[in-house]
1. Has region 58-76 got at least one residue that is open to solvent by 50 Å² or more (accessible area, probe 1.4 Å), more than 28 Å from the chain's Cα centre (by Cα) and closer than 15 Å to V277 by Cβ?
2. When you scan region 259-358 for helices (runs of 4 or more DSSP H) that lie fully inside it, which ones turn up with 1 or more residues that are open to solvent by less than 10 Å² (accessible area, probe 1.4 Å)?
3. Note down all Cβ pairs under 6 Å where the first residue falls in region 75-93 and is under 24 Å from L55 (Cβ atoms), the second is surrounded by fewer than 18 Cβ atoms within 10 Å (Cβ to Cβ) and among the β-branched types (V, I, T), and they're at least six residues apart or on different chains.
4. Among the listed residues G381, G371, G377, G406, identify the single one that is modelled with pLDDT under 90 and at positive phi.
5. Can you name every residue in region 453-464 that is open to solvent by 50 Å² or more (accessible area, probe 1.4 Å) and assigned to a helix (DSSP H, G or I)?
6. Please enumerate the residues belonging to region 139-157 that are open to solvent by 10 Å² or more (accessible area, probe 1.4 Å) and within 25 Å of I198 (Cβ to Cβ).
7. Residues of region 239-258 being open to solvent by 20 Å² or more (accessible area, probe 1.4 Å), among the aliphatic types (A, V, I, L, M) and touching a residue at least 40 places away in the same chain (Cβ under 8 Å), which ones?
8. For region 312-343, give me the residue count where each residue is without any contact (Cβ under 8 Å) to a residue 60 or more places away in the chain and β-branched (V, I, T).
Amino acid sequence: MPPLRNDRSSLALALALVAFLSATASVASAFVENTWIFRDGRFYVNVTTTLVEHLSLEQHPFAASWYTGTLGWNRDLDPGWSNVALGRNGEHWPKHPYILPILASPLYFALGLPATLLFNLLVFGAIVAGLYRFARAYAEPLPAALAAVVFVFATIIVGSAYDYSTDVLMLGLFALALAAVKERRGAIAGVLVGLAVIIKPTALMLLPSLVLLFFERTEPKGGRPDPARTRRALGRALASGTLVLGLFALANTWMYGRPYWSGYNRTLVTVAGAPSVASHADAFSVPFDVGLERVLFGDYGLVAAFAVLALALPGLLVLLRRRPRAALAGLLALALSLTVFARYIYEGHRFHWPALALLVPALAASFAWLGARSPRGVERGPRRLRVPDEALVALAAFAVTLFVGGGAAPARLGASPWAEQTLALLERLMPAELAAIACVVASALAAAALVASLFSLSAGPAALRAAALLAPFGVPEVRAGLAEGGPALHAVALLTLALALLARPLSERALREVPPARWALACAAFALAIA
């Protein structure tokens, strides 16, 4: 029996619900009818519409006049603008993959256009559930849940909640595939990876990492995987994935005339007013050094978008020593992703999401290490200290607040009289740059105290409580409030901390038996909050 199934279903589903509700909250204030349909989202809506209304992928009704070159604005349209591919008989097929419209079409049929946003939000639940199940192979429930939630809600990924995005779907499919790999569900893993490859053929470069994960130990106490069982699971994965890609090849042959051609190879463009065909295979032409700098530090740079993954470094070192195949799988995927997309003429952190997802076990191992827990499957030493769960959640909240708000907060610190007065006071004691950083650190400490106190006062599984408290970090208003700080944040944090210090002792013994140290800390917190 797979070792992860006992705690997988119920807690993963609960985390999926938390993720869905938090993603919904993150877009609530921005909601205006139909405004989530932009960029490629308009194309995916067109394809979904033709599927539901005409049971067809043909896009000619939406694009008949776009490629005539006679409208003035369309004499020259490059492949990045085009949304249509030329079929073998002159059809206008979708340029982009059609997996998202196919999967969303039943919901679209039932609810109409709002279903596109709802489907996108539901996929966030699948992402967090899949990543939790994947990380659970390497850490206890609390660190695994923290890693999954932080990866989604403390990075740029949550910014795609208000969208109809195939990249969100691809990450959801890949996250569930990673979970299926660790649970030795080979057939399911193969189908999911096959669908991800249809969405982006570059996902094929992640296959070596997935094979490493298949042969990486998962059994209790770090035992070696059963070779026969692993080979069977890998064989089923290869067979089901090959079947999916075989069907895709047949569809490509029927639509474009070649099994290895897709819409990206037959993109319809106009050159000097005349229709022409371009291939995205020609788009990998950027010099590597120029492209790598852009990928890391450009407008969509990974360093800013995924700064919180710096927390994965300690866990990566732990995994290299104790679970090396998992660490190598993540490093290999990241290296290949950077190498391939550094040469791509189009820029986007979204291209790297699946590769970065392979670092979630390292992030979970970091949280386990911060909490002085041994990674899953590794025996604890007799003198190993176990930090309270509240401290681990506080550390996560502190780090997330720093990474999420630290970059933008100093520029906004002068927005309120309190911030101006605080900065003026601190600038008497230290340089202005350090004063701004000190304000952000103070906000992060308040956020840590607030989240840890609420965690202590709540009931239920630790992983679910931590996820429910950290997931709202993806809501823009929460991010801004935590980054800017202010008297309200600090007062609420101190009052909640005081209540948390007294709540557990009062429930266990008489008032007079509350330890003096707790009384002192609680009274100090009350006094500071009132002040």
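1. Within region 58-76, one or more residues are open to solvent by 50 Å² or more (accessible area, probe 1.4 Å), more than 28 Å from the chain's Cα centre (by Cα) and closer than 15 Å to V277 by Cβ.
2. Numbers: elements: 288-297, 302-305, 312-322, 324-341, 353-357.
Filter on region 259-358 gives 288-297, 312-322, 324-341, 353-357.
3. As it stands, the answer is L86/V277, since those pairs meet every condition given.
4. On the way: G381 fails: at positive phi; G371 fails: at positive phi; G406 fails: at positive phi.
Of G381, G371, G377, G406, the one residue that is modelled with pLDDT under 90 and at positive phi is G377.
5. Taking region 453-464 and keeping what is open to solvent by 50 Å² or more (accessible area, probe 1.4 Å), we get 454, 457, 459, 461.
Matches in region 453-464: L454, L457.
6. Across region 139-157, the qualifying residue is only I156.
7. A239, L243, V244, L245
8. The number of residues fulfilling the criteria is 2.
The values are calculated or read from the model by the stated rules, or taken from the named source; none is laboratory data. Just so you know, these numbers come straight off a predicted model, no measurement behind them. Every residue, glycine as well, gets a Cβ built from its backbone with ideal geometry; the counts of neighbours run over all protein chains shown. Please note that ligands, DNA and RNA were not included when accessible areas were found on the heavy atoms of the full protein model with its side chains. Shrake-Rupley method; radii C 1.70, N 1.55, O 1.52, S 1.80 Å.
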